[in-house]
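Only one structure is covered here, and it is reproduced in the block below.
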Amino acid sequence: MKQVLLTIGLCFVTIAAFAQKNAVSGAERIIKDAKPDFNEARNLIKGALEDAETASDAKTWYVAGQIEDTQFSTENTKQILGQQPNEPVMYEALGNILPFFLKAYELDQQPNDKGKVKPRFEKSIKSTLSANHIYYINGGAYYFDQRDYKKALDFFDQYVEVSNLPMFKGEKTAERDSNFMMCQFYAAVAAMQVEDSKLAIEKLNLAKNSPFRQFDVYQYLCYEYEQAKDSVNLEKVLKEGMQVFPDSSYYLLSLINLYIYSNRNDEAINLLNTAIAQEPNNSQLYHAMGSVYESGIKDPAKAEEYYTKALSLDPNNPVALSNLGRIYYNQGVNKLGEANLISDAKKYNEEKDIAKEFFRKALPNFEKAHQINPQEREYMTALRGIYYNLDMSKEFDEMEAKME
C-alpha cells in the first residue's frame, strides 16, 4: 500500500511540473498574439516562477521578462506613433524587465549535463536590454515628476546597472557617457528626496567623480554629512572640494566654519593665511578671518581689523557691513552693562557715553546694510536697539512700525 501511495505521489509531482512547463509555453504563446492578454500571461508564469523545477529553468524567467517587454513595447509604440500611451502601465512593465532577465541570464550561463555552457537566450536578452536602455531615463523622469522618488531612484539605478553588466563590456551600452553620468546624479538626488541619508551618501560618492553637475554633487555631499553629523567625512569632502574647485570660496569658508565650530581656530587661521597669500584681494577671506577672531578667539579688535579690510575691498557687502556693525554694537551693549553696575553718577555717565560712541560707530554700518537688504530682520532689530540707546525716538518709532 505504501509503495502504491509513493508511486501516486511521484505521478502528482511529474504532472505538476508538466503543468508548469505548459504554463510557460502558454504564456509565451499569449504574448505573440495580436492583442495579448498580459494579465493572463502573468498569471500563468507566476506559478512557474514559484515551482521548484521550472524556477530553475532559464526559459521561465526569460518568458517572464518577455511578457513585461512586450507590454512596454506595445505602449511605447503608441508614443512613437504620436498616440497617448498608458504611462503607468508602460513604465511599470519596463521596470520589471531587468530583474527577470538577470535571473534568466544567470541560469542560462549554467553548464548542461555534459559540463558545457550553451546559452539559449543571451543574444535576445542583450538585444532587448540594449534597445530599452535609454527609456530608463524617461521612466526615471516620469516618476520624478510624479514625486515617486523611490521608483525614480530604481529607474536611474537600472540604467546604471545595465551599463555596468559584464555582458556589455566594451560595447556602446557600457559607455560612461553624459546619460550615464546624468543617471548617477539623479539617482543620488532621488535618494536625498527619499530621505535615506546613508543611500544618498553612497550615490553621491559614486557621482562625484564625473563632471556632470559636480559642484552640486559636492555641495549635496557636504549637506548629507552635516545632517549625519559626520565631521570626519565632511572635512574630507570639503578639502577635496577646495582642490576640485579652486575658484570657489564655498568649500574654503565651510571648512573654516567647521574648524571654528570644533574650536580648531589655529587651523582656521593657518588655512586663511595661506589663502590670503594666494588671493590678497579676496574680501571673503578677510571676512572669514574676522569671523574666526570674533566667534572663535573672541578678539573683537582683530575681528574689527579684518572686517574693515573686507569692506575696503567690497564696501557694499551687507553681511560684512552688519558684522562690523555687530562688533561695535556688542561692545556698546557690554559697556552699557558695565555702566549699569556703577553707583557713582559721574562715572556712570562717562561709561554710558562710551557705550553710545560704540552705538554711533555701529549705526552707519547697519543703516547701509538695511538699505541694501531692507527685508533682513537682523538689521532692523539692530537698528531699533541703536535708535533706542541713542535716544532717536522718531527713528525708533518708524523702525518699530516697519517691523510690525
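The values are calculated or read from the model by the stated rules, or taken from the named source; none is laboratory data. Everything quoted here is computed from the prediction, not taken from an experiment. Cβ coordinates were reconstructed from backbone atoms using ideal geometry, including for glycine residues, and neighbour counts include every protein chain displayed. Quick note on the areas: whole protein, heavy atoms, side chains included, nothing else; ligands and nucleic acids left out. Shrake-Rupley method; radii C 1.70, N 1.55, O 1.52, S 1.80 Å.
The residue list Lys298, Lys198 contains one member that is within 19 Å of the chain's Cα centre (by Cα) and of a type in the set (Lys, Arg), which is Lys198. A search for C-beta distances below 8 Å between a residue of segment 319-331 that is over 13 Å from Leu383 (Cα atoms) and any residue that is open to solvent by 10 Å² or more (accessible area, probe 1.4 Å) and not in a helix (DSSP H, G or I), counting only pairs 6+ apart in sequence or on different chains, returns Ala320/Asp314. Across segment 228-244, what is the total count of residues that are part of a loop (DSSP other than H, G, I, E, B) and either open to solvent by less than 60 Å² (accessible area, probe 1.4 Å) or in contact (Cβ under 8 Å) with a residue 40 or more places away in the chain (or both)? Going through segment 228-244 one residue at a time, the tally reaches 2. Taken together, the residues in segment 76-98 that are of a type in the set (D, E, K, R) and at pLDDT below 95 amount to 1. Counted as qualifying within segment 300-404 are the helices (runs of 4 or more DSSP H) with 2 or more residues that are small (Gly, Ala, Ser) and farther than 23 Å from Gln284 by Cβ, namely 318-339, 345-372, 393-403.
Just give me the residues in segment 68-88 being open to solvent by less than 50 Å² (accessible area, probe 1.4 Å) and assigned to a helix (DSSP H, G or I), in sequence order. Within segment 68-88, Glu68, Asp69, Thr70, Gln71, Phe72, Ser73, Glu75, Asn76 qualify. Regarding Gln184, is this residue out of contact with any His (no Cβ under 9 Å at 6 or more places or on another chain), open to solvent by 20 Å² or more (accessible area, probe 1.4 Å), without any contact (Cβ under 8 Å) to a residue 40 or more places away in the chain and over 19 Å from Tyr223 (Cβ atoms)? Against the criterion (out of contact with any His (no Cβ under 9 Å at 6 or more places or on another chain), open to solvent by 20 Å² or more (accessible area, probe 1.4 Å), without any contact (Cβ under 8 Å) to a residue 40 or more places away in the chain and over 19 Å from Tyr223 (Cβ atoms)), Gln184 does not qualify.
Return a yes/no flag: does segment 145-161 have any residue that is touching a residue at least 40 places away in the same chain (Cβ under 8 Å), assigned to a helix (DSSP H, G or I), touching a Phe, Trp or Tyr at 6+ places or on another chain (Cβ under 6 Å) and surrounded by fewer than 20 Cβ atoms within 10 Å (Cβ to Cβ). Scanning segment 145-161 turns up at least one residue that is touching a residue at least 40 places away in the same chain (Cβ under 8 Å), assigned to a helix (DSSP H, G or I), touching a Phe, Trp or Tyr at 6+ places or on another chain (Cβ under 6 Å) and surrounded by fewer than 20 Cβ atoms within 10 Å (Cβ to Cβ). Screening Ala27, Ala64 for residues that are in contact with a Leu (Cβ under 8 Å, 6 or more places away or on another chain), part of a helix (DSSP H, G or I) and within 21 Å of Gln110 (Cβ to Cβ) leaves exactly one candidate, Ala64. What about Ile276, is it buried (at least 19 other Cβ atoms within 10 Å of the Cβ), among the β-branched types (Val, Ile, Thr) and either in contact (Cβ under 8 Å) with a residue 12 or more places away in the chain or within 22 Å of Gln219 (Cβ to Cβ) (or both)? Spelling it out, it is not the case that Ile276 is buried (at least 19 other Cβ atoms within 10 Å of the Cβ), among the β-branched types (Val, Ile, Thr) and either in contact (Cβ under 8 Å) with a residue 12 or more places away in the chain or within 22 Å of Gln219 (Cβ to Cβ) (or both). Here Asp177, Asp247 are screened, and the one residue that is surrounded by fewer than 15 Cβ atoms within 10 Å (Cβ to Cβ), of a type in the set (Asp, Glu) and under 30 Å from Leu102 (Cα atoms) is Asp177. Can you tell me how many residues in segment 187-200 are touching a Lys or Arg at 6+ places or on another chain (Cβ under 7 Å) and either under 13 Å from Tyr136 (Cα atoms) or open to solvent by less than 50 Å² (accessible area, probe 1.4 Å) (or both)? Summing the residues that are touching a Lys or Arg at 6+ places or on another chain (Cβ under 7 Å) and either under 13 Å from Tyr136 (Cα atoms) or open to solvent by less than 50 Å² (accessible area, probe 1.4 Å) (or both) in segment 187-200 gives 3. Exactly one residue out of Val292, Val319 is within 30 Å of Leu255 (Cβ to Cβ), open to solvent by less than 40 Å² (accessible area, probe 1.4 Å), of a type in the set (Val, Ile, Thr) and under 36 Å from the mean Cα position of the chain (by Cα): that is Val292. Please give the number of the condition Asp108 fails out of (1) charged (D, E, K, R); (2) open to solvent by less than 70 Å² (accessible area, probe 1.4 Å); (3) within 34 Å of the chain's Cα centre (by Cα); (4) farther than 27 Å from Ala191 by Cα. It fails just one condition, (3).
Inspect segment 346-367 for any residue being under 45 Å from the mean Cα position of the chain (by Cα), surrounded by 14 or more Cβ atoms within 10 Å (Cβ to Cβ) and aliphatic (A, V, I, L, M) and give the result as yes or no. The answer is yes, given that some residue of segment 346-367 is under 45 Å from the mean Cα position of the chain (by Cα), surrounded by 14 or more Cβ atoms within 10 Å (Cβ to Cβ) and aliphatic (A, V, I, L, M). Taking first residues from segment 60-73 that are within 11 Å of Asn96 (Cα to Cα) and at pLDDT 95 or above and partners that are of a type in the set (Ser, Thr, Tyr) and assigned to a helix (DSSP H, G or I), the Cβ contacts under 7 Å between residues at least 6 apart in sequence or on separate chains come to Asp69/Thr128. Of the residues making up segment 201-215, not a single one is open to solvent by 40 Å² or more (accessible area, probe 1.4 Å), closer than 30 Å to Tyr307 by Cβ, in a loop (DSSP other than H, G, I, E, B) and not basic (Lys, Arg).
Among the residues of segment 282-289, is any free of Cβ contacts under 8 Å to residues at least 24 places away in the same chain and surrounded by fewer than 22 Cβ atoms within 10 Å (Cβ to Cβ)? No: segment 282-289 contains no residue that is free of Cβ contacts under 8 Å to residues at least 24 places away in the same chain and surrounded by fewer than 22 Cβ atoms within 10 Å (Cβ to Cβ).
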